[in-house]
Every structure is written in C-alpha cells, then in structure tokens.
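Since the structure comes first, as structure tokens, the remarks are kept for the end.
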Amino acid sequence: MVELSRLRIGEGATVMQADLALPLPQVPALASGSFDVVMSSLTLHYVDDWSRPLAEFFRLLKPGGTLVFSTHHPYWDRRLIDADDYFQTGLVEDHWSLSGGTPVRFRFYRKTLAQIVTSVAEAGFVIDTVDEPIPSEDLRKVNAAEYDALRKQPAFLIIRAHRA
Ligand SMILES: C[S@@+](CC[C@H](N)C(=O)[O-])C[C@H]1O[C@@H](n2cnc3c(N)ncnc32)[C@H](O)[C@@H]1O
C-alpha cells in the first residue's frame, strides 16, 4: 500500500508508514494542528484501542479540520461471531477472495456501532455524518450477486467528524 501510494502520488506528497496502535513519529511533517483533513480508509478496525489513533488524528488537525474514516459495519460482521450475538466484540477472523483467487485470511477487531461512535466523540470530535453506503449501479453490471447482498446489508460505515 505504501509503494502504491508513492506510485500514485509521485513527488506531490510525503508518504510515511506508521503503526496506528503507537504514537506517530515526532517529525516536523506531523506537527500538531497542521492538517486540514485526516482520511483513514478501512484501517482502524485492525487496531483494538481506538483512543490512541483518534487522539493522534485530533492532535494533527487544525481547529475546524475534518476527519473522515471508513470501517467495517457491525451488522455485516455479525456473521463472524458466535450465535449471532451482536454484542460480541473483539478479534474476529474473516477471509477475502477476489475474482476466484485464493482466499486471504485476515483478523480484525469487531466493535458495536455504539463503541465506534462513542470513541469518536470521546476523542473530542463533533460527528457530522454517519453513512451506510450502498453500492452504485456499476456494481450490478459486473457482479449482480454482490450488488444484491450489499444493497440489503451494509458492509461499511463512513463517519465524518470535525475538530471544533
Ligand atoms: C483493507 S486495507 C485498506 C487500504 C487502503 N487504505 C484502502 O482503502 O484501499 C487495510 C490497511 O490497513 C493497514 N494496517 C493494518 N494494521 C495497521 C496498523 N496497526 N497501523 C497502520 N496501518 C495498518 C494495512 O497494512 C493495510 O494497508
């Protein structure tokens, strides 16, 4: 992903790699209050305790700055837990396969909707929107079964919040 980012962005931006479970590197490029937007696409659910990355995102943003992130939707993840118990949280395992390729197993931390929303608010953010995106018509043309499943069951959650 780091190499892909470098390829896509070219010389236009600095690309760094860091573990979201740890404090970010103390470098001038990550100065407090220096970012307009923090975007995190499908990464937070690999971290158990969201308080650290959310505190870092808050620290990086200018007042009024925006946080946008996507994560697994707890409704979708319920198929991975025992006895369909919505309130069971913690490490779960799933697999991902693309176009009939070899399934790749991965593990992530499942959270309830209340835990997700509350952790954002507890980090000091004001929540602007909570979206449960549905697929576009383009998906129906290439994969009707996937389109039907995602049209009825949200797989992802997208939250936009800001630092007041
Ligand atoms: C599902 S991919 C999403 C990649 C990309 N953001 C996107 O939306 O296409 C998950 C990414 O989270 C990264 N990741 C997993 N655990 C992480 C951690 N503790 N700190 C930072 N990144 C992590 C993985 O390396 C991987 O690049």
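Scanning segment 1-15 for residues that are surrounded by fewer than 12 Cβ atoms within 10 Å (Cβ to Cβ), within 13 Å of the ligand (Cβ to nearest atom) and not in a helix (DSSP H, G or I) yields a total of 1. Name the residue that is farthest from the ligand (Cβ to nearest atom), counting only residues in segment 16-54 that are assigned to a loop (DSSP other than H, G, I, E, B) and farther than 22 Å from Thr71 by Cβ. Among them, the one singled out is Gly33.
Yes/no per residue for (1) closer than 18 Å to Ile127 by Cβ; (2) polar (S, T, N, Q):
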{"site": "Val47", "(1), (2)": "no, no"}
{"site": "Ser51", "(1), (2)": "yes, yes"}
{"site": "Phe58", "(1), (2)": "yes, no"}
{"site": "His73", "(1), (2)": "yes, no"}
{"site": "Arg79", "(1), (2)": "no, no"}
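Could you tell me whether any residue of segment 94-101 is within 13 Å of the ligand (Cβ to nearest atom), hydroxyl-bearing (Ser, Thr, Tyr) and either within 27 Å of Asp131 (Cβ to Cβ) or free of Cβ contacts under 8 Å to residues at least 40 places away in the same chain (or both)? The answer is no, given that none of the residues of segment 94-101 is within 13 Å of the ligand (Cβ to nearest atom), hydroxyl-bearing (Ser, Thr, Tyr) and either within 27 Å of Asp131 (Cβ to Cβ) or free of Cβ contacts under 8 Å to residues at least 40 places away in the same chain (or both). With the structure loaded, tell me whether Val68 is under 19 Å from Leu20 (Cα atoms) and in a helix (DSSP H, G or I) or whether it fails that test. So Val68 does not fit the description; no.
Let's see how each residue does on (1) on the phi < 0 side of the Ramachandran plot; (2) among the hydroxyl-bearing types (Ser, Thr, Tyr); (3) under 15 Å from the mean Cα position of the chain (by Cα); (4) at pLDDT 90 or above:
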site: Leu60; (1), (2), (3), (4): yes, no, no, yes
site: Gly65; (1), (2), (3), (4): yes, no, no, yes
site: Val68; (1), (2), (3), (4): yes, no, yes, yes
site: Ile81; (1), (2), (3), (4): yes, no, no, no
site: Phe87; (1), (2), (3), (4): yes, no, no, yes
site: Ser99; (1), (2), (3), (4): no, yes, no, no
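Looking across segment 112-138 at every residue that is within 23 Å of Leu80 (Cα to Cα) and not β-branched (Val, Ile, Thr), the one that is surrounded by the most Cβ atoms within 10 Å (Cβ to Cβ) is identified as Ser119.
Looking for something among the acidic types (Asp, Glu) and under 17 Å from Phe108 (Cα atoms) - is there at least one such residue anywhere in segment 22-45? Taking every residue of segment 22-45 in turn, none turns out to be among the acidic types (Asp, Glu) and under 17 Å from Phe108 (Cα atoms).
Return yes or no: is Asp77 surrounded by 16 or more Cβ atoms within 10 Å (Cβ to Cβ), within 21 Å of Val117 (Cβ to Cβ), of a type in the set (Asp, Glu) and touching a strand residue (DSSP E or B) at 6+ places or on another chain (Cβ under 8 Å)? Before you say what the answer is, go through the steps one by one.
Working: surrounded by 16 or more Cβ atoms within 10 Å (Cβ to Cβ): yes; within 21 Å of Val117 (Cβ to Cβ): yes; of a type in the set (Asp, Glu): yes; touching a strand residue (DSSP E or B) at 6+ places or on another chain (Cβ under 8 Å): yes.
Against the criterion (surrounded by 16 or more Cβ atoms within 10 Å (Cβ to Cβ), within 21 Å of Val117 (Cβ to Cβ), of a type in the set (Asp, Glu) and touching a strand residue (DSSP E or B) at 6+ places or on another chain (Cβ under 8 Å)), Asp77 qualifies.
The values are calculated or read from the model by the stated rules, or taken from the named source; none is laboratory data. Since the model is a prediction, treat every value here as computed from it, not as a measurement. All Cβ positions, even for glycine, are placed from backbone atoms using ideal geometry, and neighbour counts span all protein chains on display.
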